Amino acid sequence: MSVSFFLAMMLLPQNSVDAAGDRLVPLVSAQGRSCTPNGRWCVALAEPEDDQVLPRVHAGAVSTPMPPPAEEFSNETHTVWPNLVLLKDGGFLAGVEARTSTAYSGGGGSATELRLFRISTDGQAAATPVLRVPVAASLLIRACFGERDMKNRRGACHDEYSYSGDLGLAGEAAEGLPTLAYRSEANAFPRGVSRMEDSNAKPRLKKSDLVRERDPECSFSRRFRFDAAAGGYAPDAPLPDCSAYTVP
């Protein structure tokens, strides 16, 4: 069953090509279909398997998209990663963006994870998962519970956290699957807040604190290279724990 991909930001320029000949192509949505600009390949979401929504690549000549997958089994919603990697040796890397959300008292949050799959050219083999990375998150946590809090917080009555991540081709040549480049950016408002600490236990905010602060630990770049033995991508350095931003 199928649903359209939607256009989104990428780390590298669209239609980027690495040194080995792998190509990252944006998908264009029109008339209920999401396809490469030349119309040769289209991507849709397939029927869930083992509680996992999978992407499906099919020839652009197929004119009727599949109906969207049922979501009853999960509190996630799914869209398609709005890009397609055409592998030099045939096949594809296609992705599903899974979004979860939750509500707090006076706030809430959402997070989106990109799940990347390897798919064969003929589309007959099952989609194989190869990588998961967070690509978006937004959290709003109530911080005022009375007039005193409002005064101490200078009217900034919510702690805000945001995270964005971009995945693209790294550009270097690789013998197997292409090397991927990932970049993230994490910010918090007001300056100095942390989900690991009670904001109201901190000193009164100054006017200079009412700014969005970049988190240097969770704003980083990595290269992901495919590990054939493990059957998935591995980063060139350990990833920091950014769950304070990426887990609602």
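Quick notes on this structure:
- Considering the stretch 1-40, and only residues there that are surrounded by fewer than 13 Cβ atoms within 10 Å (Cβ to Cβ) and modelled with pLDDT of 90 or more, the residue that is nearest to Leu87 (Cα to Cα) turns out to be Gly21.
- As a summary of the residue check, Ala111 satisfies the conditions (1) touching a residue at least 60 places away in the same chain (Cβ under 8 Å); (2) part of a loop (DSSP other than H, G, I, E, B); (3) of a type in the set (Gly, Ala, Ser) except for the one numbered (2).
- Flag for Ala61 being modelled with pLDDT under 95, in a strand (DSSP E or B) and open to solvent by 60 Å² or more (accessible area, probe 1.4 Å): no
- Verdict on Arg154 being touching a Leu at 6+ places or on another chain (Cβ under 8 Å), among the charged types (D, E, K, R), assigned to a strand (DSSP E or B) and in contact (Cβ under 8 Å) with a residue 24 or more places away in the chain: no
- The residue list Leu167, Leu131, Leu180, Leu140 contains one member that is of a type in the set (A, V, I, L, M, F, W, C), within 20 Å of the chain's Cα centre (by Cα) and open to solvent by 60 Å² or more (accessible area, probe 1.4 Å), which is Leu140.
- In the stretch 160-181, the residues that are on the phi > 0 side of the Ramachandran plot form Cβ pairs under 7 Å with partners that are not small (Gly, Ala, Ser), at six or more places apart or across chains, as follows: Gly171/Asp18.
The values are calculated or read from the model by the stated rules, or taken from the named source; none is laboratory data. As the structure is a prediction and not an experimental result, all values here were calculated from the model. All Cβ positions, even for glycine, are placed from backbone atoms using ideal geometry, and neighbour counts span all protein chains on display. The area values use the complete protein model at the heavy-atom level, side chains included, leaving out ligands, DNA and RNA. Shrake-Rupley method; radii C 1.70, N 1.55, O 1.52, S 1.80 Å.
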